[in-house]
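Taking it in order: structure first as structure tokens, then the write-up.
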Amino acid sequence: MSTTTDVAIIGAGLSGLTLALALHRQNIPCILYESREASLDIGGAIMLSPNALKILDTLGVYKRIAPLGYHFEKLYFRSDDDKPVDDFDFGSEAKHGYKALRIYRYEFINVLVSMVRDAGIPVVYHKKFSHVTAESSTSVTWAFADGSAASAKLLVGADGIHSRVRKHLYPDLTPQFTNMIGVTAAVPRAQLQAGPDYPLPVTIMSPKHGAFVIAPQRADGSEVLIGKQRRLQQEHDRAGWDELMGNKAWCVDFLREGSADFPPIVASAVVDIPLKGINLWPFYLVPKLDTWAKGRVVILGDAAHAIPPTAGQGVNQAFEDVYTFSGIVAKVQKQEQSDNGEGDGAVRMAKALKNWQLGRQARVDMVLQLNDKLNKRRLPDAVKAGVFEPFDLDWLYGVDFDQMIAEWAS
């Protein structure tokens, strides 16, 4: 069994690695366990908004990823006859301190892995979490799939929507497939039949074929993501998804389907689709959970709340989780030290984590409401009605996380 540490993190993806850096900043020892190999070469790009970039800046990450991605402020929506319909603020340097940033996931992870290594935080790869074996008021012990075991004061599941750690809290819960998948590809920006002033990123909406997304990526915007969503009647297991993903010809045909009914920029975007940059994403949801913590076991990010991609807040909300969680743990530890061990640390931690979960869930609920509003504004009748009032997003991008931590830990 490994030496007991303060916090053990299951999952060395974006959430887990960032949590490790946040805990390190608070001088809280931690260790990461990851079931996959060390390279973690995951394709596709993600979008980071000011609420997450503020956190990443505080952790020293932003300055290292900023040169690697594409900076922008708005996502534009246009009709199938290429008329402007609406726009959505993904970031504003003037209002919120940061433009939005689109960056390849693997490049982001490489930066985080390097920073975790430089900080001396241990990462153990090829270690698949199995189940909790024992728990007390001060520690938790669990087994790995290889038969080994470890213990920590806190065990955190940052292991995604199909979280194995979540099974300890909810043994019977299974993420629900939404019957929707996203198919994306990467093509050169120069391929697009559109002038330099054409507003990008853009979502072009067709009543017949749905939405077609075009979003610049790479630091110079020389590459764009193109993508569509499709409804499927049945769910696949991992092997089935891998098989479907392996059918690149099907993906290309789907992206090209109905392109003649869109503006010319879409037809030009799909004329030549490199197979290497194709990705397929099944969309799953986790029902609203009563608690994200049980005893000394905690879940966060997609393990606790899978958010649809409508407002681009999935990974951004995960970063809010990890930063505020690290702050809560640090506050509770400092309170225990000031009490000279006379208080009940387990009770104090449980109360603070419950406050944290309720506060975070309230934020997630507001994001889900924002998603619903955006979805309604994309319906054909709403599109025909014209331009809408802009959203007030100060609550989302202008939040004071340290104030939240102080309130939840009090």
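The values are calculated or read from the model by the stated rules, or taken from the named source; none is laboratory data. Because the structure is a prediction, the values reported are computed rather than measured. Cβ placement follows ideal geometry from the backbone for every residue including glycine, while neighbour counts extend to all protein chains displayed. Calculation scope for accessible area: heavy atoms of the full protein, side chains included, ligands and nucleic acids excluded. Shrake-Rupley method; radii C 1.70, N 1.55, O 1.52, S 1.80 Å.
Go through L396, L353 for me and flag whichever is open to solvent by less than 60 Å² (accessible area, probe 1.4 Å) and under 30 Å from I204 (Cα atoms).
It is L396.
In region 185-198, is there at least one residue being within 29 Å of E320 (Cβ to Cβ) and in the same structural domain as K276 (by the TED database)?
Restricting attention to region 185-198, the residues satisfying the condition of being within 29 Å of E320 (Cβ to Cβ) are 186.
Okay, now just the ones that are also in the same structural domain as K276 (by the TED database), so 186.
Yes, region 185-198 contains a residue that is within 29 Å of E320 (Cβ to Cβ) and in the same structural domain as K276 (by the TED database).
Once region 123-142 is narrowed to residues that are exposed (fewer than 14 other Cβ atoms within 10 Å of the Cβ) and under 29 Å from the mean Cα position of the chain (by Cα), the residue that is nearest to V298 (Cα to Cα) is H131.
Could we say that G227 is under 25 Å from the mean Cα position of the chain (by Cα) and not assigned by the TED database to the domain that holds R189 here? Break it down stepwise before answering.
Working: under 25 Å from the mean Cα position of the chain (by Cα): yes; not assigned by the TED database to the domain that holds R189: no.
The answer is no for G227.
Can you find, within region 288-321, the residue that is most open to solvent (accessible area, probe 1.4 Å) among those that are of a type in the set (D, E, K, R) and under 12 Å from the mean Cα position of the chain (by Cα)? Here the answer is D302. Sub-7 Å Cβ pairs linking a first residue in region 274-290 that is more than 19 Å from Q191 (Cα to Cα) to a second residue that is in a strand (DSSP E or B) and open to solvent by 70 Å² or more (accessible area, probe 1.4 Å), at least 6 apart or interchain, are Y284/Q176; L285/Q176, ordered by first then second residue. Only one of the numbered conditions (1) modelled with pLDDT of 95 or more; (2) surrounded by fewer than 18 Cβ atoms within 10 Å (Cβ to Cβ); (3) at negative phi is violated by G120, and that is (3).
Only residues that are open to solvent by 20 Å² or more (accessible area, probe 1.4 Å) and not aromatic (F, W, Y): list them for region 93-110, please. Working first, answer last.
The initial filter retains those residues of region 93-110 that are open to solvent by 20 Å² or more (accessible area, probe 1.4 Å), namely 93-99, 102, 104-107, 110.
Residues satisfying the conditions are E93, A94, K95, H96, G97, K99, R102, R105, E107, N110.
Might you let me know whether region 125-137 holds any residue that is closer than 16 Å to V315 by Cβ and assigned by the TED database to the domain that holds A12? Among the residues of region 125-137, not one is closer than 16 Å to V315 by Cβ and assigned by the TED database to the domain that holds A12, which makes the answer no.
Mind counting the residues in region 357-393 that are of a type outside the set (D, E) and open to solvent by 80 Å² or more (accessible area, probe 1.4 Å)? Don't jump to the end; show me each part of the working.
Our first condition is that a residue be of a type outside the set (D, E); within region 357-393, this holds for 357-364, 366-371, 373-380, 382-388, 390-391, 393.
Checking the rest, the ones that are also open to solvent by 80 Å² or more (accessible area, probe 1.4 Å) come to 358, 369, 373, 376, 379, 384-385, 387, 390.
Here the count works out to 9.
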